[in-house]
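See below for the structure under consideration.
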Amino acid sequence: MPRPYITSALFLLIALLLSIAVGSIFIPPGELWRVLIGMTTNESFRTIVWDIRLPRTILITLVGAALAGSGAAYQGLFRNPLADPYLIGVASGAGLGAVFALSIQWQYTPLGLLAVPLIAFIASLLTVYLVYMFANIGGVVPTTNLILAGVAFSSFATSLTSFLMLRSTGELRRAIGWLLGGVSLIGWDVTLALIPYLLIGLTTLVLNGYALNILQFGDDQATQMGLNARRTKLIIIVAASLVTAAAVSFAGIIGFVGLVVPHVVRIWWGVDYRRIIPLSIVSGAGLLLLADILARVVIAPQELPLGIITALVGAPFFLWVLRRAKNQGTW
Amino acid sequence: MLRKTLLITLLIALLAACAPQATPTVAPVATDVPATEVVMTEAPTEAPAPAMLSFTDGLGREVKLDGPAQYVISLAPSNTEILFAIGAGSQVVGRDAYSDYPAEARDVTDIGDTYADLNTELIVSLKPDLILAAEINTAEQVKVLEDLGLTVYYLKNPLTLEEMYTNLEIVAQLTGKDATALIDSLKARVAAVDEKIMPLSSRPGVFYEIDGTDPAKPYTAGSGTFINLLIERAGGHNIASDIEGYPQLSLEQVVAADPAFIILGDSAFGVTAESIAARPGWENLSAVKNGQVLPFDDNLLSRPGPRLVDGLEALAELLRPELFK
């Protein structure tokens, strides 16, 4: 795949256009154009495009970018091909928070309506903090400890989530829908709320591409080369967790994107993290948009949870890329 | 110092904005409809403007209509059944995927699965002037639809037959219909059942199965549910009536209570008297031995609409066939 930046940007652009054009209501291309430039007289079409499709499209773009970007950073940080954005407890913490919030009957107030994403967000960051604290031994945070503490905390939180779901009488389907990654809460408020976290977090990750390259030599080597390994790792963990927590809290747990996109980027475009991170961000956004279009179309007029589609489509695609890869084993 | 004061003021303002709204004071209402207050206000202009209708819905939101709703979307099977029962069926332009009764309702446009994702694009394109939500819908769904500029009324679940009648009344007012005749006939039918059942002194035990996928721990309905309410009203004694909600009973509890009747609310999922008898440990129950394991249409008890009365009659007939010959 030549011209990485142009190829991935083109891919994202096509996905964006498709996402605005495709929906359960057919809007002719000419009319769609008039809606977009504000020249339409059809009020329903205007609402459908501007208030339903556009906020959702942007939300999915942001979530895809967040998951793939932080996935790439984690794979670099942990030097582990199985690392994904959920490795150190972000998703299981958010899931626990969300299911807990769903078990409470909230008042119809602005705060009550945002209770689920807010509590998921807080629980998610709290889990990562605890994982980091437990992995920290006398000021040193060995990568292996971080992964193991993450696995332990994830199992703990997942068990608590299952327990809450078993005990609940009503909201079970909502909870399952959330855990499978359903984007039910759409609208501009949610989309706009995500932007600051993603902007700060993803910019930080992109700027740390070179540091990630150096970290590939191991902590000791990196320190000898003049990098403050401990501080760099902390910055990357905080940035990636912030981004993932924000995405997961609003969109539910969407698997596979954060694991697979960085690998595809690596296979196609090489192992330089200064490239892998921005390219993963752009491609991840495009891939999740395509998955979302499928989720809307497959059993229309109903929608499938996004998390089901990403693995269903993502896994075969990844296996295909893996078979064709010329530079096998370049990890 | 000034900066600090400003910061504190800002924080307080933020907190105030986030604080839950104060509960509205309840004004004494003299109408016979307790749950909703209908205010008809004539516009003070000379031109005969349409009367404005104002309601308070089940979430405490104020819902305003320019007049009775003519293009209604129902988000729950119970709401669809209510709309058709009060004669507003022709005003229904959309319904959720589970609304399958009455038969005419199936011809109405399907706007998606209430539990999963509503098809908001389709809803907008149908241009409804009212969306009738129910308790199976979430507050978030109401908010999403409201943000799209649509009018949503959230109908609370009734807990008694009286509250169900009130809901019929509310929906009738929303759609410009009159539910009096319907409510009177429903009340008469309930009274007819009461007349036959009330004098009886014995109350046969009833186990109502909602889901017996795990035969050692079947799900049933306890107090606070219409299933419990109507079993008792139909002259039975629900063996789970001292537990609240939808509990899982252990088979031991069922055996200890040894109900005279086992009613299969899950018969639509293929559970039959034969499959009950084949479950380990169930074969010695009196109901199984006496052939009193009976299939039942669960929709009659699980949808809080006018068909609850059909459910009551059907239950009474199952438990006391000799009185309904």
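Numbers for the structure displayed
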quantity: Residues located in the range B:254-292, provided they are farther than 12 Å from B:G205 by Cα and polar (S, T, N, Q); calculated: B:S267, B:T272, B:S275, B:N284, B:N290
quantity: Test: residue in the range A:241-249 that is more than 23 Å from A:M133 (Cβ to Cβ) and assigned to a loop (DSSP other than H, G, I, E, B); calculated: no
quantity: Test: residue in the range A:184-200 that is small (G, A, S), closer than 29 Å to B:A139 by Cβ and in contact with an Asp or Glu (Cβ under 9 Å, 6 or more places away or on another chain); calculated: yes
quantity: Scan of the range B:100-114 for residues that are out of contact with any Gly (no Cβ under 8 Å at 6 or more places or on another chain) and more than 9 Å from chain A (Cβ to nearest Cβ), ordered by number; calculated: B:D100, B:Y101, B:A103, B:R106, B:D107, B:T114
quantity: Entirely in the range B:241-325, the helices (runs of 4 or more DSSP H) that have 1 or more residues that are under 30 Å from B:S74 (Cβ atoms); calculated: B:299-302, B:307-319
quantity: Hits in the range B:115-127 (condition: touching a residue at least 24 places away in the same chain (Cβ under 8 Å), in a loop (DSSP other than H, G, I, E, B) and at the interface with chain A (Cβ under 7 Å from one of its Cβ atoms)); calculated: B:K127
quantity: Evaluation of A:W320 against (1) crowded, with 24+ Cβ neighbours inside 10 Å; (2) part of a helix (DSSP H, G or I) (one fails), failing number; calculated: (1)
quantity: Whichever residue in the range B:174-225 is among the hydroxyl-bearing types (S, T, Y) and over 23 Å from the mean Cα position of the chain (by Cα) and, among such residues, is surrounded by the fewest Cβ atoms within 10 Å (Cβ to Cβ); calculated: B:S201
quantity: Some residue of the range A:111-126 being within 11 Å of chain B (Cβ to nearest Cβ), in a helix (DSSP H, G or I) and among the hydroxyl-bearing types (S, T, Y); calculated: no
quantity: Hits in the range A:1-53 (condition: more than 13 Å from chain B (Cβ to nearest Cβ), among the small types (G, A, S), part of a helix (DSSP H, G or I) and farther than 15 Å from A:L294 by Cα); calculated: A:S8, A:A9, A:G30
quantity: Residue list for the range A:1-35, restricted to those being closer than 20 Å to A:I58 by Cα and among the small types (G, A, S); calculated: A:S8, A:A9, A:A15, A:S19, A:A21, A:G23, A:S24
quantity: Number of the condition not met by B:L130 [criteria: (1) within 30 Å of A:Q107 (Cα to Cα); (2) within 14 Å of another protein chain (Cβ to nearest Cβ)]; calculated: (2)
quantity: Test result for A:I236, part of a helix (DSSP H, G or I), more than 18 Å from A:Y129 (Cβ to Cβ), of a type outside the set (D, E, K, R) and touching a residue at least 60 places away in the same chain (Cβ under 8 Å); calculated: no
quantity: Boolean, A:G64 is among the small types (G, A, S), part of a helix (DSSP H, G or I) and surrounded by fewer than 16 Cβ atoms within 10 Å (Cβ to Cβ); calculated: no
quantity: Matching option when the condition is part of a strand (DSSP E or B) and more than 26 Å from A:W50 (Cβ to Cβ), among B:F84, B:F55; calculated: B:F55
quantity: Residue within the range A:291-299 that is loosely packed, with under 15 Cβ neighbours inside 10 Å, at pLDDT below 90, within 14 Å of another protein chain (Cβ to nearest Cβ) and in a loop (DSSP other than H, G, I, E, B) present; calculated: yes
quantity: Residue within the range B:71-93 that is among the small types (G, A, S), farther than 27 Å from A:V298 by Cα and modelled with pLDDT under 95 present; calculated: no
quantity: Matching residues in the range B:138-152 - criterion: being part of a helix (DSSP H, G or I), facing chain A (nearest Cβ under 7 Å) and closer than 17 Å to A:R56 by Cβ; calculated: B:E140, B:K143, B:V144, B:D147
quantity: Failed criterion for A:D51 (all others in (1) within 13 Å of A:A285 (Cα to Cα); (2) surrounded by fewer than 20 Cβ atoms within 10 Å (Cβ to Cβ) hold); calculated: (1)
quantity: Test for B:E135: is it in a loop (DSSP other than H, G, I, E, B) and under 17 Å from the mean Cα position of the chain (by Cα); calculated: yes
quantity: Total residues in the range A:1-28, condition at pLDDT below 90 and of a type in the set (G, A, S); calculated: 2
quantity: Flag if A:D272 is of a type in the set (D, E) and under 19 Å from the mean Cα position of the chain (by Cα); calculated: no
quantity: Test for A:A246: is it in contact with a Gly (Cβ under 8 Å, 6 or more places away or on another chain) and at pLDDT 95 or above; calculated: no
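The values are calculated or read from the model by the stated rules, or taken from the named source; none is laboratory data. Values in this document were obtained by computation on a predicted structure and should not be read as measured data. No Cβ is skipped: glycine too gets one built from the backbone with ideal geometry, and neighbour counts run over all protein chains shown.
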